[in-house]
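Student: Here it is: the structure, laid out below.
The values are calculated or read from the model by the stated rules, or taken from the named source; none is laboratory data. Owing to the predicted nature of the structure, the values given are computational and were not obtained by experimental measurement. Counting neighbours? That spans all protein chains shown, and the Cβs are built from the backbone with ideal geometry, glycine included. Just so you know, the surface numbers come from the protein's heavy atoms only, side chains and all, with ligands and any DNA or RNA stripped out. Shrake-Rupley method; radii C 1.70, N 1.55, O 1.52, S 1.80 Å.
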Amino acid sequence: MARKPYDLLFKLLLVGNSGVGKTSLLFRFTEDVFTTTFISTIGIDFKIKTIELHGKKIKLQIWDTAGQERFHTITTSYYRGAVGILLVYDITNGDSFNSISMWLRNIDQHAGNDVEWMLLGNKCDMESKRIIPTSQGKQVAEQHGIRFYETSARANINVEKAFLNLVEDILDKVGRERLPPFIPPVKNNDSHGLKTCKAL
Ligand SMILES: Nc1nc2c(ncn2[C@@H]2O[C@H](COP(=O)(O)OP(=O)(O)O)[C@@H](O)[C@H]2O)c(=O)[nH]1
Ligand SMILES: [Mg+2]
């Protein structure tokens, strides 16, 4: 019998206001590219990237919205089976930061109780346009006891680190609680993308 090409499969999600850079982060992580012209029109449902961590081959199925966040129509089917969520805001956009609580309610309503999530302040390459100080993102993350990174999909800062740390936390949890990994049907497509913005 052929060996399974991976040991675990994790469904991850990107959520956050439209324009914060979710699709750009996904492309940076899965294909190590940054393109300024693609995006909101592509109706992608998810991308796949297989990584190796602690000797395990982990297939990441990473879901991105096709713009539904603009209409607040993200529903249970998007969240179903997700084990990790990257909640993204844009450090140059106050509204996107203020929407965090709305997104948290959404996560609460639709995602499983033991979903692992982290907060990302994206576009940290745009220091001159910054509106949200690093300390504010940090504070929210501390309130919730979760990880926080400032990232840049454009400058490739902390993107891989954020994804990998999320996966690491999920792995710890799976190991601790011996949860069966969620295994949804998979389409195919594989590919690869570290640095620091600020020491956080
Ligand atoms: N300067 C900068 N621009 C970014 C970054 N990430 C995304 N963008 C830009 O922000 C806009 C929205 O990005 P997109 O990925 O479509 O956001 P989404 O709506 O959350 O998926 C696009 O014009 C991107 O080029 C980043 O890290 N730095
Ligand atoms: Mg998008």
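Student: Give me the distance in nm between label points sitting 7 Å out from Cα along the Cα-to-Cβ direction at Ser18 and Lys4, one decimal.
Tutor: 3.9 nm
Student: Which FRET efficiency, nearest 0.05, do Gln109 and Ile131 yield, Cβ-Cβ r, R0 41 Å?
Tutor: Values: r = 28 Å, r/R0 = 0.68.
After rounding to 0.05, the efficiency reads 0.90.
Student: Moving on to the next point. Using a 1.4 angstrom probe on heavy atoms only, work out the carbon and sulfur share of the accessible area of segment 102-147 in %.
Tutor: Values: 1140 of 2620 Å².
After summing per-atom areas, the C and S share lands at 44 percent.
Student: Which residues' amide hydrogens lie under 5 Å from the amide hydrogen of Glu116, considering only partners 5 or more residues apart or on another chain, with H built in the peptide plane?
Tutor: Gly84, Ile85
Student: Same structure again: What FRET efficiency would be calculated for the residue pair Lys57, Lys138, taking the C-beta separation as r and a Förster radius of 25 Å, to the nearest 0.05? It would help to have the intermediate numbers written out before the result.
Tutor: Values: r = 33 Å, r/R0 = 1.33.
With R0 = 25 Å, the Cβ-Cβ based efficiency is 0.15.
Student: Separate question: Among the listed pairs Lys129/Lys161; Lys57/Lys138; Lys57/Lys123; Lys56/Lys123, which have their C-alpha atoms separated by more than 27 angstrom in this model?
Tutor: On the way: Lys129/Lys161 24 Å; Lys57/Lys138 31 Å; Lys57/Lys123 30 Å; Lys56/Lys123 31 Å.
Table pairs above 27 Å Cα-Cα are Lys57/Lys138; Lys57/Lys123; Lys56/Lys123.
Student: Calculate one ³J(HN,Hα) per residue across segment 138-155 by plugging θ = phi - 60° into the Karplus curve 6.51 cos²θ - 1.76 cosθ + 1.60, and present them in order as whole Hz with x for glycine and proline.
Tutor: Taking θ as phi minus 60°, the curve returns 4, 4, 4, 4, 5, 4, 9, x, 10, 6, 9, 9, 8, 10, 9, 5, 5, 8 Hz for segment 138-155.
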